[in-house]
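I am attaching a structure below and will ask some questions about it afterwards.
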Amino acid sequence: MRYVILSDVHGNLEALQAVIDEIKRLRYEKLVFLGDIVGYGANPNEVIEIIRSLVDRPLTLAGNHDYAAIGLTDISYFNSSAMEAILWTGECLTEKNIGYLRGLKVDLTYEGLTFAHSSPKEPDKWHYIMDISDAIENFDFFDTRICFVGHSHIPIIIEKDSTGDINIYNGEKRLNSECRYIINIGSVGQPRDRDPRSSFAVYDSETETIEIKRVSYDIAEAQEKILEKGLPFQLAYRLAYGR
Ligand code: ZN
């Protein structure tokens with residue numbers, strides 16, 4: 001089966017449209033979304049409506065910003081611009097879209113694969129997997145061979161080999177059947193690995209290949225809309241630098 005896996009759109013309609021244009025050219029059977037449809041960007045309702053029409057409901061996860069926008073998780077740890085954006089987002093959401101976000105879970109096991117927005121360890125606690133020790137710990141918290149995550153907005157393929165060693169890859173990788181993997185697919189709407197292009201993944205379970213893909217989008221338009229809505233300047237600025 002070929003999967004396209006998207007995450008962390010964060011209300012960035014221009015980025016989502018560019019990624020959709022790209023995936024239309026790809027052959028795949030299943031689309032999976034790993035959460036954070038909203039937060040930061042200028043078009044939360046529009047992006048929810050596209051994700052809802054595109055991705056099967058059971059294969060759509062919520063992230064911390066989705067839950068925060070509807071009051072389902074604490075936002076006291078958000079930085080000031082994230083908080084300002086999430087309060088604005090919460091006020092804009094339609095009743096229908098609030099109901100939709102409320103129905104989404106934060107992790108999923110499907111066809112022998114684990115998917116989580118943040119981490120398999122405690123998916124509703126929004127931990128980040130940012131270094132080798134986080135990765136080593138998290139390999140103990142899922143039973144499948146492969147776990148896909150989002151949340152950090154930094155794409156990376158983390159391999160645990162049969163000796164327990166951790167190896168790191170990016171881009172395209174043929175997976176080894178003897179190894180286990182935590183794969184962060186990066187962010188569609190706010191990449192943070194100093195590459196401003198949208199990131200997502202294509203995984204083929206037959207050939208056992210994973211490909212982290214990058215797509216350019218109209219960053220200037222997304223920035224202009226953030227500023228028009230009166231959202232914090234940094235949320236527009238950072239998009240150009242992928243950080
Ligand atoms: Zn996010």
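No value in this document is a laboratory result; all are computed from the given coordinates. Just so it is clear, the structure is predicted and the values come from calculations on it, not from any experiment. Positions of Cβ are backbone-derived with ideal geometry, glycine not excepted, and every protein chain shown enters the neighbour counts.
Using a basic spin-label model with each label point 7 Å from the Cα along Cα→Cβ, how many nm lie between ASN170 and GLU224?
3.1 nm
Right, another one. Over what distance in Å are the Cα centres of region 160-184 and region 208-243 separated?
29 Å
At 222 nm, what value in deg cm²/dmol follows for the chain if DSSP H runs of at least 4 each add -39500 (n - 2.57) and the sum is divided by all its residues, to the nearest 500?
Rounded to the nearest 500, the figure is -8000 deg cm²/dmol.
What is the sum of charges, Lys and Arg at +1 and Asp and Glu at -1, for the other residues whose Cβ falls under 15 Å from the Cβ of SER133?
My count for the surroundings of SER133 gives -3.
Sticking with this structure for a sec: Which of these, PHE142, PHE200, PHE78, has the largest mean-square fluctuation under a Gaussian network model of the chain (Cα springs below 10 Å)?
PHE78
Now for a separate question. Please grab the % of Cα pairs in the chain that end up more than 33 Å from each other.
Roughly 12 percent, once rounded to a whole number.
While we're on this one: Of the DSSP beta bridges with both residues in the chain, give the percent that are antiparallel, rounding to the nearest 5.
Restricted to the chain, the bridges split so that about 70 percent are antiparallel.
Can you tally the net charge around LEU231? Count Lys and Arg as +1, Asp and Glu as -1, for every other residue whose Cβ sits under 10 Å from the Cβ of LEU231.
Local net charge: 0.
Summing Lys, Arg as +1 and Asp, Glu as -1, what charge do residues with Cβ under 15 Å from the Cβ of ARG102 carry, ARG102 excluded?
Residues close to ARG102 contribute a combined charge of +1.
Measuring from label point to label point, each 7 Å out along Cα→Cβ, what is the PHE233 to ILE20 span in nm?
In this crude label model, PHE233 to ILE20 measures out at 3.3 nm.
Would you mind calculating the gained length between SER216 and GLU29 on full extension (0.36 nm times residue separation, minus the Cα-Cα distance), in nm to one decimal?
Using 0.36 nm per residue and subtracting the Cα-Cα distance, I get 64.9 nm.
Okay, next question. Which FRET efficiency value, to the nearest 0.05, is calculated for SER76 and LYS125 with the Förster distance at 22 angstrom and r the Cβ-Cβ distance?
0.95
If each of ASP161 and THR209 carries a label point 7 Å out from its Cα toward its Cβ, how far apart are those two points in nm?
Output for this residue pair reads 2.2 nm.
A further question on this structure: Could you tell me whether region 120-199 comes out rounded, prolate or oblate from its Cα gyration tensor? Rule is a ≥ b ≥ c as square roots of the eigenvalues, rounded for a/c under 1.5, then prolate if a/b exceeds b/c, otherwise oblate.
Because a/c hits 1.5 or more and a/b fails to exceed b/c, region 120-199 counts as oblate.
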